[in-house]
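The values are calculated or read from the model by the stated rules, or taken from the named source; none is laboratory data. Everything numeric in this text was worked out from a predicted model, so none of it was measured. Glycine also receives a Cβ, built like all others from the backbone with ideal geometry; neighbour counts cover every protein chain displayed. Quick note on the areas: whole protein, heavy atoms, side chains included, nothing else; ligands and nucleic acids left out. Shrake-Rupley method; radii C 1.70, N 1.55, O 1.52, S 1.80 Å.
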Amino acid sequence: MSITNTDQSTDLTRGCWDPCLISGCNLRAFDAGFLGDLSPEDDFRLMVFIRRFEEALLRLFQEGHVNGTTHTCIGQEYVPVSLMPLLQTGDFIFSNHRGHGHYLARFLDPEGLMCEILGREGAVCQGVGGSQHIRRDRYFSTGVQGESVPVAVGAALGLKRSGAKHIALTFIGDGTWGEGSVYEALNMASLWSVPLVIVCENNGIAQTTPINVNMAGSIASRAAAFDVTFVRVEHQRITEIRSQLSEALEGVRQTGRPLVIEMMTQRLASHSKGDDTRDESEIIRMKSRDWFEQIDGITMERRAKIDHDVLHAIDSLVECVLAREASSWKGRS
Amino acid sequence: MERVVTALNSALRSLMEADPSVYLIGEDILDPYGGAFKVSRGLSTAFPERVVSTPISEGGLLGVANGLVLSGQKVFAELMFGDFTFLAMDQIVNFAAKSVSMYGDRMEFPLIVRCPVGGRRGYGATHSQTIAKHFIGVPNLPLYELSPVHDSALMMPQIFQRGEPAVIFENKILYAHRQYESDQIDDLYSRRCLDDLGEVVMLETGEKPDAVLIAAGGMVPSCLEAGRRLMLEAEIAVDIVVPYQLYPFPVASLASVMGAEPILAIVEEGTAGGTWGSEVAAALYAKYWGQLQSRILNIHSEDSIIPSARHLEDQMLVSSDNIVRAIADAL
Ligand SMILES: Cc1ncc(C[n+]2csc(CCOP(=O)(O)OP(=O)(O)O)c2C)c(N)n1
Ligand SMILES: [Mg+2]
């Protein structure tokens, strides 16, 4: 099967900023397609990196550097970090409005992403896409809830016809189960047995509407109605998540049957920028359950050191990006 | 005599034969039924892997079509009635059309949405609309119309080659209509191309025209009839320009037509309000203002839903009578 989309920016060292500051060599190899072992420190470093990246964006937003809006994944960073090593280069990934963590974990390219969000030269989509519309290789994001689920079914059907053992994975939120497109897609995926994986990041809220006001029944029963395998992940421990999900994902590759994964997670920050209607006490309670507080096997000193290094890396990234010219839309025809 | 539906069916067949990446997806398109209007008859037997029949999920099937495009395929998506494109609007406008440019670099997107449109079959309001006007002006979404004076087998590969998603509107009354293979259309009209690609066709009587009609494929039968009557009843010579592409309208190809005709009229089955014809007129005014002989006439159906009963349809849909009257009045 041919890939219609050429890679726009595989060069990790495109700029003035040294990606080794976050990743170390393991992660660079991982980006090149080598799914070697990631140490707990590698995982922790990447999760912290995503969090500090998002916080920097919120700061840049306050300072007026971001045009439009931005949805951070603060609290949910471990979801893409735990999943990405289970994915292969030939897999399709469809992301959504809350996609910075998905992109960073897939490509380790904070520079391309930050330039994109700030509209600077070096942007992965020339500043045209912005936070919610990113394409690179087989990674696509869009800002319309539920739109990418049937698209992922089509991509999965294409993969099936090509005989490749790849999958098409799409991230959606709990609120997106209100869209009819999700059910049309689940029906076709199950009917045709295509390798579709829906990862639902269930943070219990959609913009301002809590899940109990949005959803009757459950995600599990909806998957069951379509005869689709369902897995729920109720904790944030990366190694366990990987061992729980690697078998399920391998099952999709082997059988070509679809899969729904529900990740019980929490959105610690506002929906986009300062629009949080939840009780302060609820947020304090969530913060006490944050993965950052619960990481095992890394000493306090190491954590502090990693965080310090990451903050330093982010500072130099921001400085580098802000020094860039405004992007130009070269692809405009 | 070949019918338009047969010509369209063999065009699809030859495209699928020539290119193993061509898919057809839609509802009820499998044999032996072969689609609500029989356009896909025989294709699922010939290409079982590439003809995908879906549940009644217009948005979903367009999504699947889009995903197939991302995986390297060229896709025809058939919607059973044009009115149902509204259920698939998100995938057509927000995903397919926007993907061409919203990611910075241009992305090729070989998708063709095909849908039957138009009245005169008595199907009533939800199955009879001429919907092109709702798609005009979407960036990277060119619009086309099936035509009995164009060869679909030549036209459709050109659309794929442009690399942008496209919609082809197919007026239902054409399916059973004769496909004009020879350049001699009948004893009065002959065909000539106005452009290199053969997309803009001129049907002419050979006389110096008193009026020129611009009409897409679905209006060709009514325009030919109106032209014949005007000639026989009033010795008014009418030429007919038939573009395959509705939008963007190929204004430049009309250069040779402009300036010679006293009356220029745009004819369409679409109802009043935000019409295709007003878009075409605006484009012609902008380019040919100095050469126009008079105000451009817009002939279209009335501002109404499409009723079911034959006599009620006749009252509001454009017909050869309307065209004859409008041209005679203008002269
Ligand atoms: C079709 C559509 N409707 C509404 C919106 C506006 N919107 C953006 S994000 C969002 C909430 C999504 O909630 P959820 O699916 O739970 O994802 P989360 O934001 O929690 O990650 C809404 C309503 C949209 N982008 N697309
Ligand atoms: Mg949510």
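The longest stretch of chain A left intact once loop-based GluC sites (Glu not before Pro) with at most 11 other Cβ atoms within 10 Å are removed from consideration, loops following DSSP, is A:64-233. Rolling a 1.4 Å probe across all protein chains gives residue B:16 an accessible area of roughly 0 Å².
The residues A:315, A:227, A:42, sorted by heavy-atom accessible surface at 1.4 Å with ligands and nucleic acids left out, run A:227, A:315, A:42 from largest to smallest. Between A and B, roughly 2700 Å² of accessible area is buried in total, ligands, DNA and RNA not counted and the probe set to 1.4 Å.
Of the GluC sites (Glu not before Pro) in region B:204-296, the ones in a loop by DSSP (not H, G, I, E or B) with at most 15 other beta carbons within 10 Å are B:207, B:235. Computed in the context of the full set of protein chains, the accessible area of the protein assembly as shown at 1.4 Å probe radius has 51% of its extent on carbon or sulfur. Among residues other than residue B:285 whose Cβ falls under 12 Å from its Cβ, what is the net charge (Lys/Arg +1, Asp/Glu -1)? Net of charged neighbours comes to +1.
Computed over protein heavy atoms with a 1.4 Å probe, the accessible surface of region B:98-235 works out to 35 Å² per residue. Membrane-span-like helices in chain B, defined purely by DSSP H runs whose alpha carbon atoms cover 30 Å or more axially and whose average Kyte-Doolittle hydropathy reaches 1.0, do not occur. Computed over region A:220-322, the Cα gyration tensor eigenvalues convert (square root of 5λ each) into semi-axes of 33, 21, 17 Å, ordered from largest to smallest.
Straight-distance candidates among the lysines for linking to residue A:287, with alpha-carbon spacing under 30 Å and chain neighbours fewer than 8 residues away dropped: A:273, A:305. A prolate overall shape is assigned to the protein assembly as shown, the ratio a/c of its alpha-carbon gyration tensor axes (a ≥ b ≥ c) being 1.5 or greater and a/b exceeding b/c. Sorted largest first by accessible area at a 1.4 angstrom probe radius, with every protein chain in place, the residues B:173, A:198 fall in the order B:173, A:198. For region A:158-255, the C-alpha radius of gyration divided by 2.2 N^0.38 Å, with N the number of residues, is 1.14.
Seen from residue A:166, the other residues with C-beta closer than 15 Å to its C-beta sum to a net charge of +4, counting Lys and Arg as +1 and Asp and Glu as -1. Under the shape rule built on the C-alpha gyration tensor, where the axes satisfy a ≥ b ≥ c, region B:4-174 is rounded, since a/c falls short of 1.5. Let a ≥ b ≥ c be the square roots of the eigenvalues of the Cα gyration tensor of region A:20-322; is it rounded (a/c under 1.5), or, if not, prolate (a/b larger than b/c) or oblate? Since a/c stays below 1.5, the shape of region A:20-322 is classed as rounded. Rolling a 1.4 Å probe across the protein heavy atoms gives region A:147-280 an accessible surface of 37 Å² per residue. Contact residues in region A:317-333 by the 20 Å² criterion (accessible area, 1.4 Å probe, full protein complex versus chain alone): A:329, A:331, A:333. Just which residues of region A:122-139 lose 50 Å² or more accessible area with every protein chain there, against their chain alone, with the probe set to 1.4 Å? For region A:122-139, once contacts with the other chains are taken into account, A:135 lose 50 Å² or more. With the solvent-accessible surface defined on protein heavy atoms using a 1.4 Å probe, which residues belonging to region B:57-89 display a reduction of at least 30 Å² in accessible area in the multichain context relative to the isolated chain? Residues meeting the cut-off: B:57, B:60, B:64, B:67, B:68, B:70, B:71, B:72. Compactness of region B:190-330 is given as radius of gyration and Dmax, 14.5, 45 Å, from Cα positions. Straight-line cross-link reach from residue B:133 at under 27 Å between alpha-carbon atoms covers these lysines, not counting any fewer than eight positions away in the same chain: B:38, B:74, B:98, B:172, B:287.
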